[in-house]
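For reference, the structure discussed in these notes is given below.
The values are calculated or read from the model by the stated rules, or taken from the named source; none is laboratory data. On a predicted model such as this, the values are computed, not experimentally measured, just so you know. A quick note on method: Cβ atoms are made from the backbone with ideal geometry, for glycine too, and the neighbour counts reach across all protein chains shown. When the accessible area is computed, the model is the full protein with side chains, heavy atoms only, and any ligands, DNA or RNA have been set aside. Shrake-Rupley method; radii C 1.70, N 1.55, O 1.52, S 1.80 Å.
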Amino acid sequence: MPTTTPPPPHFVLFPFMSQGHSIPLLHLSHILSNRHISVTVITTSANHSAVKSTLKNDSISVIDISFPDNSVTAPPGVEITDKLPCMSSFIDFVDSTKQLQPQFELAVRNLPPVSCIISDGFLFWTQDSADKLGIPRLVFNGMNIFSMTMCNIMEQFKPHAAVGSDNEPFPVPDFPRIKLTANDFGPPFNELEPKGPEFEFMVRLQKTAARSRGLVVNSFYELEPEFNDYWNRNYAPKAWLVGPFCVAIPQTTPKETAEKPKWIQWLDVKLAAHEPVLYVCFGSQAEASVEQLVEVAVGLERSNVSFVWVVKPKELRLIGEGFEARVEGRGKVVAEWVDQMDILKHEAVCGFMSHCGWNSVLESICAGVGILAMPLIAEQHLNARMVVEEVGMGLRLWPRDKVARGVVGAEEVAEVAVELMRGEGGRRVRKRAEEVREGAYGAMKEGGSSSRTLDVLIDHVCGFEG
Ligand code: UDP
């Protein structure tokens with residue numbers, strides 16, 4: 001009998017329409033493609049060109065479906081959350097993606113046989129599609145396992161019931177060495193009797209994720225072993241730590257100076273002058289208050305450290321007239337989309353003032369750069385705790401009275417920025433960041449923990465298990 005080689009597994013990846021959720025899944029598509037898995041990415045028409053340019057890989061197919069044009073939450077052509085007029089329409093935006101379901105199912109039916117769908121947790125309805133189509137689904141939700149575990153523990157044990165205020169620390173059940181406050185959590189996890197739209201939204205995401213074949217987590221075992229073990233002992237679905245995905249960012253050939261973005265040319269000058277630079281960026285989504293932006297600007301100005309600060313275009317006028325002129329030569333403000341990894345990997349960059357979005361943290365890890373943690377929204381306060389108190393590769397910027405939420409003052413910004421760039425704390429953090437970086441690359445190389453976990457996961461969903 002002639003033997004035929006079975007076709008390679010075929011994975012469909014469907015990222016949620018936000019930078020912080022889409023970029024890592026596109027990096028994962030490279031990792032899968034490098035393992036000879038055929039990959040199709042599904043996106044919406046307005047996101048097509050951004051997806052193609054992040055992928056930089058023609059062997060990964062991209063197919064579009066059309067975003068509902070009767071969406072009341074997003075202006076026409078806005079199909080990504082960072083372009084929403086305001087974040088209060090976020091849940092409605094997520095809900096409106098449900099209208100993509102018939103097109104998504106049709107697109108998947110028309111593809112060569114699909115072995116697995118990896119879709120974002122916010123695209124909760126893809127679980128119904130996967131069930132209908134008889135295809136295993138894995139969920140990606142962009143978080144690390146530490147933060148997910150802390151949220152589940154809050155929900156399950158309600159340790160905040162025992163304290164008198166949202167700023168009073170409590171020991172975390174089963175992890176008594178960790179002290180958190182209710183204010184380290186966003187709603188609904190900080191509430192004792194959660195109810196309302198945010199709670200219902202979260203319950204719906206949890207229920208659909210629980211029906212999936214597992215969570216694909218952009219992290220690595222050595223970074224958070226006890227939380228990975230705890231999650232898989234106590235919660236479902238099973239978490240598979242197979243990152244950090246940013247290790248798979250395609251290498252670009254070194255550019256001629258004239259082709260380099262102006263901020264990279266500026267960093268080259270700083271490197272030649274032996275002036276270490278602090279990179280400042282608060283991600284694609286969170287909006288710092290005007291008061292907070294001004295405090296950061298004043299703090300950076302006072303600190304006397306060299307810095308490159310990437311702001312959203314609308315933030316430029318909020319940081320104050322004359323700021324750029326006053327810091328000229330020492331500080332650079334960029335109001336454009338940058339290649340963050342390019343900046344973090346630049347040898348002049350020795351620190352990252354970050355909102356602690358999980359991708360930014362992982363990118364800092366992969367570049368071996370210590371973090372100045374200034375969380376703003378979502379689970380960023382937990383990520384900041386993890387970076388500073390668990391991993392030891394960051395210093396925290398605290399609001400007054402060291403409470404989790406509030407405005408971080410200019411004095412704190414100046415003092416801790418100097419400590420990170422020139423002090424003993426900074427040296428300790430950089431040494432630790434270098435160790436963590438090695439752990440991350442070790443996990444991703446052949447035989448490393450993430451690589452082995454991914455092998456087992458692929459076998460698990462493709463039914464190749466022995
Ligand atoms: N990012 C970028 N250029 C920018 C701003 C952000 O490449 O000018 C990328 C950053 O590298 C990261 C993602 O956008 O991959 C932001 O994700 P993160 O989880 O850090 O924060 P979010 O934007 O979701 O709050």
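In order along region 217-225, the Karplus-derived 3J(HN,Hα) couplings, from 6.51 cos²θ - 1.76 cosθ + 1.60 at θ = phi - 60°, round to 10, 7, 6, 9, 4, 4, 6, 8, x Hz, and Gly and Pro are given as x.
Under 8 Å for C-alpha pairs, at least 6 residues apart: give me the relative contact order for region 115-264, rounded to a whole percent. Intermediate values should be presented prior to the final figure.
Values: 190 pairs, mean separation 35.1, N = 150.
This gives 23 percent for region 115-264.
Looking at region 169-232, which trypsin sites (Lys or Arg not before Pro) are in a loop (DSSP not H, G, I, E or B) and have at most 13 other Cβ atoms within 10 Å? Here the trypsin sites (Lys or Arg not before Pro) that fit, given the DSSP loop and packing criteria, are K195.
Computed from backbone phi, the HN-Hα couplings of region 374-386 come to 10, x, 10, 9, 6, 8, 5, 5, 5, 4, 5, 4, 5 Hz, rounded to whole numbers (Karplus: 6.51 cos²θ - 1.76 cosθ + 1.60, θ = phi - 60°; Gly and Pro given as x).
The chymotrypsin sites (Phe, Trp or Tyr not before Pro) of region 267-368 meeting both criteria, a DSSP state outside H, G, I, E and B (loop) and at most 14 other C-beta atoms within 10 angstrom of the site's C-beta, are W337. Accessible area per residue for region 15-126, computed on protein heavy atoms with a 1.4 Å probe, is 40 Å². In this structure, the amide hydrogen of H346, modeled 1.01 Å from its nitrogen in the peptide plane, lies closer than 5 angstrom to no residue at least 5 positions away or on a different chain. Taking the Cα atoms of region 202-289, the ratio Rg/Rh between the radius of gyration and the Kirkwood radius comes to 1.16.
For region 199-270, GluC sites (Glu not before Pro) meeting the loop criterion (DSSP other than H, G, I, E, B) and having at most 14 other Cβ atoms within 10 Å: E256. With the simple model of a label 7 Å out from the Cα in the direction of the Cβ, N304 to E435 spans 3.2 nm. Evaluate E = 1/(1 + (r/R0)^6) for S45 and E291, where r is the Cβ-Cβ distance and R0 equals 30 Å; express this FRET efficiency to the nearest 0.05. Computed FRET efficiency for S45 and E291: 0.20. Using θ = phi - 60° in the Karplus curve 6.51 cos²θ - 1.76 cosθ + 1.60, the 3J(HN,Hα) couplings for region 162-175 round to 8, 10, x, 8, 5, 9, 8, x, 10, x, 7, x, 6, 9 Hz; x is entered for Gly and Pro. For the chain, a crude dipole built from +1 on the beta carbon of Lys and Arg and -1 on the beta carbon of Asp and Glu, taken about the Cα centre, is about 540 debye to the nearest 20.
Summary of packing: across the peptides 53-64, 430-441, 139-150, the per-residue average of other C-beta atoms within 10 Å ranks them, highest first, as 139-150, 430-441, 53-64.
Using a cutoff of 8 angstrom between alpha carbon atoms and counting only pairs six or more residues apart, the relative contact order for the chain works out to 14 percent. Close Lys pairs in region 195-350, defined as Cα atoms under 15 Å apart and 8 or more places apart or on different chains, number 9. Near L318, once Lys and Arg are set to +1 and Asp and Glu to -1 for all other residues with Cβ below 11 Å from its Cβ, the sum equals -1. Residues whose amide H falls under 5 Å from that of G331, counting only those 5 or more places apart or on a different chain, are F307, with hydrogens built in the peptide plane.
When the solvent-accessible area of the chain is split by element, carbon and sulfur atoms take up 53 percent of it, the probe being 1.4 Å. Solvent-accessible surface of region 176-238, taken per residue with a 1.4 Å probe and all protein chains present: 50 Å².
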